[in-house]
Amino acid sequence: MTPLTAPRQVLPTTRRSVTHKFTIAGFEGYLTIGLFDDNTPGEIFIKMSKEGSTLSGLIQGFCRAFSLALQYGLPLQDAVDRFRGMRFEPHGPTNNPDIPEAASILDYVARYLELRFLTHPQPTSV
């Protein structure tokens, strides 16, 4: 077995980001996506309204792992494909008309990333 040799692409100290407020079945959260200079996602943070809960802690761990995977070169489409459709609580109706129902927070995040960065790529100039 060979060691992982892909270099880590580190985000600039000061970076652009997108913050998106969402609600799934009454659970409120904020998704912040840190962007590389080419406007592609390089990190994500999810802040849930129930701070200190087990759910919040697990989501923090997911965000760290997801961010590192992106920084080591995991294509966003591969990440979206793996997390879209995952089902666990909370799930249900959302406040986003483009994603009216979510199977979980991870499902919602994957679908949001797909809509925002893969379906309708953002311009590279600010």
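The values are calculated or read from the model by the stated rules, or taken from the named source; none is laboratory data. On a predicted model such as this, the values are computed, not experimentally measured, just so you know. Glycine gets a Cβ as well: all are built from the backbone with ideal geometry, and neighbour counts include every protein chain shown.
Is it true that Val18 is in contact with a helix residue (DSSP H, G or I) (Cβ under 8 Å, 6 or more places away or on another chain), closer than 13 Å to Ala110 by Cβ, surrounded by 15 or more Cβ atoms within 10 Å (Cβ to Cβ) and not charged (D, E, K, R)?
Values: in contact with a helix residue (DSSP H, G or I) (Cβ under 8 Å, 6 or more places away or on another chain): yes; closer than 13 Å to Ala110 by Cβ: no; surrounded by 15 or more Cβ atoms within 10 Å (Cβ to Cβ): yes; not charged (D, E, K, R): yes.
Considered against the rule, which asks whether it is in contact with a helix residue (DSSP H, G or I) (Cβ under 8 Å, 6 or more places away or on another chain), closer than 13 Å to Ala110 by Cβ, surrounded by 15 or more Cβ atoms within 10 Å (Cβ to Cβ) and not charged (D, E, K, R), Val18 comes out as no.
Would you please list the contacts, defined by Cβ atoms under 9 Å and residues six or more apart or on different chains, that run from a residue in region 12-28 that is of a type in the set (A, V, I, L, M) to a residue that is part of a loop (DSSP other than H, G, I, E, B)?
These pairs meet every condition: Val18/Gln122; Ile24/Pro90; Ile24/His91; Ile24/Ser104; Ala25/Glu89; Ala25/Pro90; Ala25/His91.
So Ile33 clears everything in (1) at pLDDT below 95; (2) of a type outside the set (Asp, Glu); (3) buried (at least 17 other Cβ atoms within 10 Å of the Cβ); (4) touching a Pro at 6+ places or on another chain (Cβ under 8 Å) except one condition, right? Which one?
Only one criterion in (1) at pLDDT below 95; (2) of a type outside the set (Asp, Glu); (3) buried (at least 17 other Cβ atoms within 10 Å of the Cβ); (4) touching a Pro at 6+ places or on another chain (Cβ under 8 Å) is unmet by Ile33, namely (1).
Identify all residues within region 105-126 that are modelled with pLDDT of 95 or more and of a type in the set (Gly, Ala, Ser); write none if there are none.
Correct list: Ala110 only.
How many residues does region 36-49 hold that are in contact with a Ser or Thr (Cβ under 6 Å, 6 or more places away or on another chain), hydrophobic (A, V, I, L, M, F, W, C) and over 16 Å from Phe83 (Cβ atoms)?
1
Any residue at all in region 99-118 that's within 15 Å of the chain's Cα centre (by Cα), more than 25 Å from Ala6 (Cβ to Cβ), assigned to a strand (DSSP E or B) and hydrophobic (A, V, I, L, M, F, W, C)?
yes
Assess whether Ala69 counts as being surrounded by 18 or more Cβ atoms within 10 Å (Cβ to Cβ) and part of a helix (DSSP H, G or I).
Numbers: surrounded by 18 or more Cβ atoms within 10 Å (Cβ to Cβ): no; part of a helix (DSSP H, G or I): yes.
So Ala69 fails the test.
Quick check on Met86: is it surrounded by fewer than 17 Cβ atoms within 10 Å (Cβ to Cβ) and either of a type outside the set (Val, Ile, Thr) or touching a Phe, Trp or Tyr at 6+ places or on another chain (Cβ under 9 Å) (or both)? Before you say what the answer is, go through the steps one by one.
Working: surrounded by fewer than 17 Cβ atoms within 10 Å (Cβ to Cβ): yes; either of a type outside the set (Val, Ile, Thr) or touching a Phe, Trp or Tyr at 6+ places or on another chain (Cβ under 9 Å) (or both): yes.
Considered against the rule, which asks whether it is surrounded by fewer than 17 Cβ atoms within 10 Å (Cβ to Cβ) and either of a type outside the set (Val, Ile, Thr) or touching a Phe, Trp or Tyr at 6+ places or on another chain (Cβ under 9 Å) (or both), Met86 comes out as yes.
Here is a check on your reading of the model: is Pro97 surrounded by fewer than 12 Cβ atoms within 10 Å (Cβ to Cβ), more than 24 Å from Ser56 (Cβ to Cβ) and free of Cβ contacts under 8 Å to residues at least 24 places away in the same chain? Spell out how you get there, then give the answer.
Numbers: surrounded by fewer than 12 Cβ atoms within 10 Å (Cβ to Cβ): yes; more than 24 Å from Ser56 (Cβ to Cβ): yes; free of Cβ contacts under 8 Å to residues at least 24 places away in the same chain: yes.
The answer is yes for Pro97.
Would you mind stating whether Glu43 is within 29 Å of Thr13 (Cβ to Cβ), assigned to a strand (DSSP E or B) and in contact (Cβ under 8 Å) with a residue 12 or more places away in the chain? Give the steps one after another, and end with the answer.
Values: within 29 Å of Thr13 (Cβ to Cβ): yes; assigned to a strand (DSSP E or B): yes; in contact (Cβ under 8 Å) with a residue 12 or more places away in the chain: yes.
Yes: the conditions hold for Glu43.
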